Structures are given as C-alpha cells and as structure tokens.
Amino acid sequence: MTWTVVTGGASGIGEAVTRRLRKAGYSVVIVDCSAPADNTDSNDIIFRQIDISDEAAVEALAAELEESGVRPEALITCAGVLQRPLPPDKLSWKEWDLVQNVHLRGTYACCKSFGSRMASRGGPGAIVTVSSVAGLQSSPLHSYGPAKAAIAHLTRSLAMEWGRQGVRVNCVAPGFTKTPALDRGMTRKVLSATAMEKFSALGRLVESDEVAAAIEFLISPASSGITGVVLPVDAGNLAAAPWRAYESGEPG
Ligand code: NAD
C-alpha cells in the first residue's frame, strides 16, 4: 500500500486529489478541519480532523501514523482559506494572520513533520504544495498573495534541502478553479465568472480534476526528474495578463 497525505482533502481541489489518487491505487490520509461528505470507512483511507496551522497536532499525527506502520510517501498540501479583497486599512490583522497561518505556517508544519520523516528514511518521497496565480502576480489579496508567493519559494528551498535524500518537492499554482470556495466568492459577488473566463487563454475556469491530474503527475515516477518547480494550472490566466491593456482584452 502506498500511503499519501492530502490536507484539505474534504473539499474542492483536495477532494479531487483524494478521488484521483484512490482511483490510481494510492491510499490516502485526509487531514482537514472539516469532515468529508464521502464515506471514509474503507481500508485505503484514514481521516483526521486537524487544523494544519496547529503544528503540535500535525506532528502528533505524523508520529501516530509512523508508530502504526503507515509511512506516507507523498504529501499534498491543499488545505486553505480564501481572503476578501480589501485595502490594507480595511484588512484586519485577525484576517491577515489567519490566512498566513493556514497557508504558510500550515504548509510548513506539514512539510516539516511529513517531509522530514520521508527524508530521514532516504525516500522515496514527493511533496506537492499548492500556491496560486495570486502568488505569482499582484492581486488585491494582501495576505493571501504573499503567503502563496512564500509557498512557491519554500518549495524551492525544501527541494534543495531534501533532494539528495530522495524527496522531490514541487508546487502547483492553480488559476480560478471550480470549487466550493470559488462558488462562495461568486455568491458574495467578490468574483465574477465572466471576468475570470475572459482573463484566461482557454476562455474558461479550471476544473478541480485538472489540478488533481497535475498533482498526480508530480508525485508519480513519470516526473522523477522534476523538483523545485512551480507549475501553473491556470487555463492560461498568466498568459492572458498583458492582453488586459488592449481594448478588446481578447483574441480575434
Ligand atoms: P475549498 O474551500 O473547497 O477546500 C479547502 C479545504 O481546506 C476545506 O475542506 C477546508 O475545510 C480545509 N481547511 C481550511 N482551513 C484548514 C485548516 N486550518 N486545517 C485543515 N483544513 C483546513 O478550497 P479550494 O478552492 O479547493 O482550495 C484548495 C487550495 O487551492 C487552497 O490552498 C487554495 O488557496 C488553493 N487555490 C484555489 C483556487 C481556486 O480558484 N479555487 C485558486 C488558486 C489556489
């Protein structure tokens, strides 16, 4: 049994990753602060309700799994919260800290507990962190964007730290992806489907399973020569950015 750990596996991109990995024959430890809707009563799945920004809880889980003989060979860090687009004078420290803690501290805590164990065993190990196009270009998300940029940077540092011990560390940077979190943003009219579709080369949003497919590739032997990269899965959101300056903003 090849065990993987998927944070945020109860919803959205993490749920799609869990589904895809199980279908490919992996066993999955879902780590999420909310319970998954799907039944987790199966011997290829373990669910633990944990806040990933609580480093002691993350470390206790890694130790518990190791003791019980579950040695994850992959970690995918999907858990996250979105942020409201607010100017600095309106963005509270509470919200700023929450976003930093879940994304940057939480990703680091999971890498520290699970990645260090993979490295000390000499591998094999593969970690995929989750950044965002908001971490690669500016946006009105003054905590989320910097946290996602830091995750991309951390990915490269950890790739170098653990590469010689058989652990690869890569990152995906999704564009606007159809998930419950994005739906909530559209319901609150923070995000517009028309604008998101227009500012992409493919003229559409990304499907959760498209991000999951890239993640499956990055933990599989097919990507054995790849480490320290940040792979956008964005339907061409980054490629579309300079077109916004032109009147039509669209091809043709
Ligand atoms: P989602 O809300 O559908 O799923 C996120 C999951 O993370 C939920 O199950 C939630 O319970 C869990 N979670 C949140 N905080 C947690 C914590 N402290 N500890 C443990 N679990 C926690 O969101 P999504 O859209 O699937 O986002 C997944 C990841 O992808 C996030 O990191 C997000 O920033 C990133 N992302 C999403 C998009 C998008 O358009 N949806 C774009 C770029 C990046």
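Counting only residues that are open to solvent by less than 50 Å² (accessible area, probe 1.4 Å) and free of Cβ contacts under 8 Å to residues at least 40 places away in the same chain, give me the helices (runs of 4 or more DSSP H) lying completely in the range 183-252 with at least 2 of them.
193-198
Out of curiosity, is T2 away from the ligand (no atom under 14 Å from the Cβ), at pLDDT 95 or above and within 22 Å of A60 (Cα to Cα)?
The answer is yes for T2.
Cβ contacts < 6 Å: first residue farther than 17 Å from F114 by Cα and without any contact (Cβ under 8 Å) to a residue 12 or more places away in the chain, restricted to the range 34-63; second residue open to solvent by less than 70 Å² (accessible area, probe 1.4 Å) and among the hydrophobic types (A, V, I, L, M, F, W, C), any location; separation 6+ or different chain. Result?
These pairs meet every condition: T40/F47.
Go through the range 120-134 residue by residue and tally those that are surrounded by 19 or more Cβ atoms within 10 Å (Cβ to Cβ), in a helix (DSSP H, G or I) and free of Cβ contacts under 8 Å to residues at least 60 places away in the same chain.
Within the range 120-134, residues that are surrounded by 19 or more Cβ atoms within 10 Å (Cβ to Cβ), in a helix (DSSP H, G or I) and free of Cβ contacts under 8 Å to residues at least 60 places away in the same chain number 1.
Here is a list of conditions, (1) within 16 Å of the ligand (Cβ to nearest atom); (2) open to solvent by 20 Å² or more (accessible area, probe 1.4 Å); (3) part of a loop (DSSP other than H, G, I, E, B), and F47 meets all of them except one; can you say which number that is?
(3)
Quick one: which of L104, L82, L75, L21 is crowded, with 16+ Cβ neighbours inside 10 Å and away from the ligand (no atom under 14 Å from the Cβ)?
L21
The values are calculated or read from the model by the stated rules, or taken from the named source; none is laboratory data. None of the values given here were measured: they were computed from a predicted structure. Please note: Cβ atoms are built from the backbone with ideal geometry, for glycine as well, and neighbour counts cover all protein chains shown. Surface areas here come from the heavy atoms of the whole protein model, side chains and all, with no ligands, DNA or RNA. Shrake-Rupley method; radii C 1.70, N 1.55, O 1.52, S 1.80 Å.
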